[in-house]
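The values are calculated or read from the model by the stated rules, or taken from the named source; none is laboratory data. Predicted model only: the values in this text are computed from it and were never measured. No Cβ is skipped: glycine too gets one built from the backbone with ideal geometry, and neighbour counts run over all protein chains shown. The accessibility values were calculated without ligands, DNA or RNA, using every heavy atom of the protein model including side chains. Shrake-Rupley method; radii C 1.70, N 1.55, O 1.52, S 1.80 Å.
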Amino acid sequence: MQLENLTKEQFIRDFKDTLHQEQLIKVAKATPTEIFTALAGLIRKYYTNTWIERNHALSDNQEKIAYYFSIEFLPGRMLETNLLNLGILDLVKEGFAELDIDFREVVEAEHDMALGNGGLGRLAAAFMDSLATTGYPGFGNGLRYRYGLFKQRIVDGYQVELPDGWFGSTGNVWETRKDHDIVYVKLFGDVVLESNEDGRFVPTYKNAQVLRAVPYDVPQIGYKNGVINNLRLWDVEIPEEYELDYPTLDARRRVKDITAILYPDDSTIEGKELRLVQEYFMTSAGLQTIIKSYLKMGLPLKDIHEKVSVHINDTHPAVAPAEFMRLLLDEYGLSWEDAWNATVKTMSYTNHTILQEALEKWDQQLFKRVLPRVYQIILEIDNRYIAEMAGRGIAADVIERTRIVKDNQVHMANLAIIGGHSVNGVAKLHTELLKEDTLHDFYTIYPEKFNNKTNGIVQRRWTQIAAPELSAAIDDVIGDGWRNDIHELENLTTYLDDKEVLNQFYQVKKTAKQRLADYIQETTGVEVSTDAIFDVQVKRLHAYKRQLLNLLHIIKLYWDLKDNPDKDMVPRVFIFGAKAAPGYHFAKSVIKLINEVANLVNNDESLQGKLKVVFLENYRVSLAELIIPAADVSEQISLASKEASGTSNMKFMMTGAITLATLDGANIEIKDEVGDENVVIFGMDKDEVYEHYARHDYYSRAVYENNPVIRRVVDTFVNGTIPNAQSEGTEIYEALITHNDEYFLLEDFAAYVEAQEKIDALYRDHDKWARMSLANIAKSHKFTSDDTITEYAKEIWELKK
Ligand SMILES: *Cc1c(COP(=O)(O)O)cnc(C)c1O
């Protein structure tokens, strides 16, 4: 890339040319969207050669490539990241200033690329950035949904879901359609095995549906290193030769539906046929092109694992081992033994959850109908697995629990584990739980496959892009080396007792809080003071994440203030952002209640502004970039053992919030990094939770009856205090009392209140708080996804730079 030599003047000339050519308009008249589109077009011109050269260099040098298969990628906006990584962000800002263009407006003209639900998809996007930045050859493989995660509106306190037509008027400005790499995917129909002239059995497909898979490539630009990798997203089309099979618009639409929408479920599976088709479609298409490009190197197919790794991100692409076998056996004629050897060495799998409801299983009949040939192969893999394990003397009950096809279901995690060489959890505790509990049987069989890779975040997005004032303050104190080497943040520890530096960071936080306060005022009409503690919980709405525990505490504060309006407390603003899966009734009721409590509290003058509650609608990456740097307190209060890792906990830490947390997921590693004095930990740990499970001795009604504070708080849901939420209040009451409080909110409540009181006390001492905050920033480098991906690349994929 010759961009080092790009001058502001040259950029301005190039930009005007592009705007004139592509949009046929002059700068002064152009809308932010037109300017955004032209700027994106210009950036493409700047990087195109590098992108082409990268692809050629990798194949010329016969480099090993890792392919990251994920049903979700959640990059958010790309403009600033792309400019930053190309090293021209400041130059473009300066150029635009000269042209009198408001850069922020242009940034905001870009629609979030929201092809993911939450943490899982965000991680996949982070890994794409980090693969390019570390320089490893790692490509993404996913689906080009025309509608991303739904847009959330709050109407009368309720969540309303609207389609996220993210292509808008501009389309995806970053993508390139690659007709060159089109492949075809077969579904449904019947398969019969017939022997060919060599006496081999080959499958013949009858009445199969044949679909065209069209790749769209999205560049993944490394941070100032001239590397561009590829995120390949597949779209579906009807091949011309099969047009007659789809005579009606309805029939055609059903095909297009395959890539129409992202399933909006987080942490639960919905065993729908369309979802299985989505999963197979992207997996088959991806694997087909991988084999084709490998073969261009002229190397033997049975050694493909020496040049290719395929990573299965959660179970959604877990059909990969079986599909890879099908391709190697049926399409390329390898022997079972050679194909299996290559498959196991190629595949690796990340588990993201211990929640049973999220481990994918497919109804056997459904699976067989949609993927008849793959199903046959899975049966064969299963039979050989059983025979091999019996031969190794593995107990029959263990074999039965770990096999792939049983109870009329196909168990996708089992296929991913048996068909690959690596299984990793996403935080230390999570990996321990996989070994001890969720996947314990597999751990006894294949201990060598298990390893931990704690999740990470792209520090550049959460500091340089989301927190520019913080970044400038860091430059000021330790120089700007940290922008290239995040580990230099550690140097901030030298300044933990420097009052002037502490004050500088305190002011930086204020600036971010003011920006958020303005947004809150604008979007909700609620006025909040930046002198208040900004206490934030933003993440998907899920029972195990316990937003409801947060709400219980808010209600307690409400009663405290009603009893004693002069209660001595630092004013608090509780800020929520969360989408609920559209079919997740309980989660939607929690949203309604948060909003009604917000109405109650925000409009009660007797509280003297000490308590405010804000629910910001449509939580997404770009909103996270506004909210997170403004947080004083990071709420990470899942029931211990349930949050596999969490990554927003890391983003908050990096921007100087104090973590208020249970000992769950990566919270534990955050605590280990910053030390007990710089986090606030409360509640049961994983062992205590598991003891309750073992003893069956939790009885929430007893807690409720014996604790008058809890009783008063819980009764608030049903005694008419909260207007307009009768049925939701009753539902929550019943979940907590009648249905025995599945996530132990009442058990952890007292400890949580105490931890919140500790937060109040700590915040009063500004220097102390600022010191804790700075200590968190200083230690946050531990969670860069650049390091996480380096571990994947070295230990699982065995890549070279
Ligand atoms: C980081 C992120 C998440 C993950 O949040 P957790 O608190 O780790 O569950 C979800 N959604 C968005 C938009 C994010 O940026």
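E673 meets all of the listed conditions (1) within 19 Å of R546 (Cα to Cα); (2) assigned to a helix (DSSP H, G or I) but one, namely (1).
Among the residues of segment 193-207, those identified as open to solvent by 60 Å² or more (accessible area, probe 1.4 Å) and out of contact with any helix residue (DSSP H, G or I) (no Cβ under 9 Å at 6 or more places or on another chain) are E194, S195, E197, D198, R200, F201, K206, N207.
The set of residues from segment 399-424 being part of a helix (DSSP H, G or I) and either modelled with pLDDT under 95 or among the aliphatic types (A, V, I, L, M) (or both) comprises I399, M412, A413, L415, A416, I417, I418. The conditions of being outside any helix (DSSP H, G or I), within 15 Å of the ligand (Cβ to nearest atom) and assigned by the TED database to the domain that holds L663 are met by L541.
Take L91 and tell me if it is free of Cβ contacts under 8 Å to residues at least 60 places away in the same chain, more than 16 Å from the ligand (Cβ to nearest atom) and in contact with a helix residue (DSSP H, G or I) (Cβ under 9 Å, 6 or more places away or on another chain). No, not satisfied. Scanning segment 676-729 for residues that are free of Cβ contacts under 8 Å to residues at least 60 places away in the same chain, in a helix (DSSP H, G or I) and of a type in the set (D, E) returns D676, D687, E688, E691, E705, D715. Name the residues in segment 632-643 that are touching a Ser or Thr at 6+ places or on another chain (Cβ under 8 Å) and within 12 Å of the ligand (Cβ to nearest atom), would you? Across segment 632-643, the qualifying residues are S634, Q636, I637, S638.
Scanning segment 66-97 for residues that are in contact with a Lys or Arg (Cβ under 7 Å, 6 or more places away or on another chain) and at negative phi gives L74, T81, L84, N85, L91, E94, G95.
Filtered by the rule that a residue be open to solvent by 10 Å² or more (accessible area, probe 1.4 Å) and not aliphatic (A, V, I, L, M), segment 646-666 gives G646, T647, S648, K651.
Scanning segment 142-163 for residues that are of a type in the set (G, A, S) and either surrounded by 20 or more Cβ atoms within 10 Å (Cβ to Cβ) or touching a His at 6+ places or on another chain (Cβ under 7 Å) (or both) yields G142, G148.
Of all residues in segment 439-471, exactly one satisfies the criterion of being touching a strand residue (DSSP E or B) at 6+ places or on another chain (Cβ under 9 Å), of a type in the set (S, T, Y) and part of a helix (DSSP H, G or I), namely Y443. Scanning segment 114-150 for residues that are assigned to a helix (DSSP H, G or I) and either basic (K, R) or not assigned by the TED database to the domain that holds Y67 (or both) yields one hit, R122.
If you scan segment 585-630, which residues turn out to be within 18 Å of I154 (Cα to Cα), open to solvent by 30 Å² or more (accessible area, probe 1.4 Å) and within 15 Å of the ligand (Cβ to nearest atom)? Within segment 585-630, E617, Y619, R620 qualify. The helices (runs of 4 or more DSSP H) located wholly in segment 3-105 that include 3 or more residues which are open to solvent by 30 Å² or more (accessible area, probe 1.4 Å) and closer than 30 Å to G298 by Cα occupy 32-60. Going through (1) part of a helix (DSSP H, G or I); (2) open to solvent by 10 Å² or more (accessible area, probe 1.4 Å); (3) within 16 Å of the ligand (Cβ to nearest atom) one by one, H111 falls short only on (1). Among the residues that make up segment 363-385, is at least one of them more than 30 Å from V210 (Cα to Cα), out of contact with any His (no Cβ under 6 Å at 6 or more places or on another chain) and of a type in the set (D, E)? Checked segment 363-385: no residue is more than 30 Å from V210 (Cα to Cα), out of contact with any His (no Cβ under 6 Å at 6 or more places or on another chain) and of a type in the set (D, E). Is it the case that T662 is under 22 Å from K782 (Cβ atoms), away from the ligand (no atom under 11 Å from the Cβ) and either in contact with a Pro (Cβ under 8 Å, 6 or more places away or on another chain) or among the basic types (K, R) (or both)? So T662 fails the test. When every residue of segment 425-432 is checked against the conditions, at least one turns out to be part of a helix (DSSP H, G or I), farther than 30 Å from L86 by Cα, within 16 Å of the ligand (Cβ to nearest atom) and open to solvent by less than 20 Å² (accessible area, probe 1.4 Å). Whenever a residue of segment 355-372 is farther than 20 Å from S641 by Cα, its partners that are open to solvent by 20 Å² or more (accessible area, probe 1.4 Å) and assigned to a helix (DSSP H, G or I), lying with C-beta atoms within less than 8 angstrom and at least six residues away or across chains, give the pairs L366/E273; V370/E273.
Tell me, which residue of segment 779-801 that is of a type in the set (A, V, I, L, M) and part of a helix (DSSP H, G or I) is nearest to T343 (Cα to Cα)?
Just the residues of segment 779-801 that are of a type in the set (A, V, I, L, M), to begin with: 789, 793, 796, 799.
Checking which are part of a helix (DSSP H, G or I) leaves us with 789, 793, 796.
Numbers: I789: 22, A793: 18, I796: 14 Å.
In this case the residue turns out to be I796.
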